[in-house]
Every structure is written in C-alpha cells, then in structure tokens.
Amino acid sequence: DSGVTQTPKHLITATGQRVTLRCSPRSGDLSVYWYQQSLDQGLQFLIQYYNGEERAKGNILERFSAQQFPDLHSELNLSSLELGDSALYFCASSVVSGEGETQYFGPGTRLLVL
Amino acid sequence: AQKVTQAQTEISVVEKEDVTLDCVYETRDTTYYLFWYKQPPSGELVFLIRRNSFDEQNEISGRYSWNFQKSTSSFNFTITASQVVDSAVYFCALSSYTNAGKSTFGDGTTLTVKP
C-alpha cells in the first residue's frame, strides 16, 4: 500500500458527461501528479500541483481541469467525455529527500466512457 | 521536443537470467531527469528511480542496476538473477530539469520471467 488513495476505482459513464476523480496524497506530501494511461496514447503526464499551485502541465485537454485543495487532496475533472477518454487515470504524490524525489502512486481510477 | 524510445516491446527470459531493458532518449535540454517505472500485472505503477543528467554514476539497488550514458543518450536498466515477480511492464521516462514534473514516457517493455 503506497498510502495514496484514489476514488472511485471504477467509473462507467456516457459520452458528454462529466466526472470527478479524487486523489488523496500520502500524509505530508505536497506534490500531486496526474497521469493518463490508454491503449492509444500510452502513459501520459497530465498535470502536477505543488502545495495548491499548478507546477507543471502536460498534454491535458481543455475539457479536463484539476485543482489541489488546502488539505492537499486533488481532483481531476473530466467534462464533455468522449470515447477516447476511456483510460486508467493515476495520481501520485511525492516526497523530496536527500536522495532526490520519490513518487508514490495510487491504484488508479479506471474510466470507461460508453 | 523530448522523445523516449524503448525499442524492445517484449522480452522473455527464464528465471535467474540477467536481463537488460534499453532506453534511448532525445532532448535539447542540457540538464534533465530520467526515470524508470514498473507496472506489474496487477496494474499499479511503481516508481523505481530518478536520475539527473549531471550524475553519470551507475546506480545499483539490490538486483537492479541502471547504466546512464550521456554520450549515447541511453539509460538502460538491468535486472540480475531475474525472478518471476519481476514480470511487468517497465517504462522509461524523461523530463527537463527546469520542468521536472512534465515527463515524457516510452511505450514500455513487457518483461516475462518464466520459472
């Protein structure tokens, strides 16, 4: 158990709908990352937050948005869903030590858009 | 633009064999980070290592070792005395030093270790 939780584990919805994925980082970790893994696109970095602020942005669609709250949990909002948004969405939190940065991943949310 | 190439799509070995997973990258950055991740059949992602480009020392962690060669833009991963539990998809990734969170991933190498 990495200590990172993601809810829900599975989500089935229809095209055009909107969903929210939630991530709770490990206690004390300030960074949260979101990734998408699909058969077509492979593993892709979406966005990173650090202590509530956006730190890095990847190939995140305009229909997608994210935020990190004061308690450090993060939400990824996906709207106007398309079939191609079906994927596994991972979040990770990280800690920086003398040996560098280590990431810890949640179990993922599997999204199926029908 | 950054690019990571893992030319080996699938590798199959017998337990106790050593195996090397190749990773070649392209970047215009002079400083950058390189990563390896493991995704076992259960599906979770496991972070293995982050290495910065100005540290070319090889890294060893138990049966795992990483060989970083800036001259050939490669960051190869070797598993010594492989075990069935090493069966997984392994991803190599790259990010710039100034934008460390924004990673570019390779397509992954599926390693199967047979008993």
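The values are calculated or read from the model by the stated rules, or taken from the named source; none is laboratory data. Bear in mind that the values here come from a model prediction, so they are computed numbers and not experimental data. Virtual Cβ from ideal backbone geometry, glycine too; neighbours counted across all protein chains shown. Remember, those area values only see protein heavy atoms, side chains included, never the ligands or the DNA or RNA. Shrake-Rupley method; radii C 1.70, N 1.55, O 1.52, S 1.80 Å.
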Check your understanding: When you go through (1) part of a loop (DSSP other than H, G, I, E, B); (2) more than 13 Å from the chain's Cα centre (by Cα) one by one for B:Asp107, which number turns out not to apply?
Key -> (2)
Check your understanding: Has region B:86-93 got at least one residue that is buried (at least 19 other Cβ atoms within 10 Å of the Cβ) and among the β-branched types (Val, Ile, Thr)?
Key -> yes
Exercise for review: Find the strands (runs of 3 or more DSSP E) located wholly in region A:15-58 whose residues include 3 or more that are β-branched (Val, Ile, Thr) and open to solvent by 20 Å² or more (accessible area, probe 1.4 Å), and list them.
Suggested key: none
Check your understanding: In region A:68-109, which residue that is part of a loop (DSSP other than H, G, I, E, B) and small (Gly, Ala, Ser) is surrounded by the most Cβ atoms within 10 Å (Cβ to Cβ)?
Key -> A:Gly106
Review point. Of the conditions (1) modelled with pLDDT of 95 or more; (2) over 12 Å from the mean Cα position of the chain (by Cα), A:Leu39 fails just one. Which one is it?
Key: (1)
Check your understanding: Which of (1) outside any loop (DSSP other than H, G, I, E, B); (2) open to solvent by 30 Å² or more (accessible area, probe 1.4 Å); (3) under 17 Å from B:Gly106 (Cα atoms) does B:Ser71 not meet, given it meets every other one?
Key -> (3)
**Study point:** Tally, over region B:15-61, of residues that are in a loop (DSSP other than H, G, I, E, B), more than 13 Å from every other protein chain (Cβ to nearest Cβ) and under 16 Å from B:Gln2 (Cα atoms)
**Key:** 6
Exercise for review: Could you tell me whether B:Lys102 is at negative phi, within 14 Å of chain A (Cβ to nearest Cβ), open to solvent by 10 Å² or more (accessible area, probe 1.4 Å) and charged (D, E, K, R)?
Suggested key: yes
Review point. For B:Ser74, which of the numbered conditions (1) within 16 Å of B:Val46 (Cα to Cα); (2) away from every other protein chain (no Cβ under 14 Å) fails to hold?
Key: (1)
Revision key, fill the gap. Of the candidates B:Ala88, B:Ala93, the one satisfying the condition of being in contact with a Lys or Arg (Cβ under 8 Å, 6 or more places away or on another chain), modelled with pLDDT of 95 or more and within 14 Å of chain A (Cβ to nearest Cβ) is B:Ala88
**Study point:** Top-ranked residue of region A:68-95 - restricted to ones that are free of Cβ contacts under 8 Å to residues at least 24 places away in the same chain and of a type outside the set (Asp, Glu), ranked as farthest from the other protein chains (Cβ to nearest Cβ)
**Key:** A:Pro70
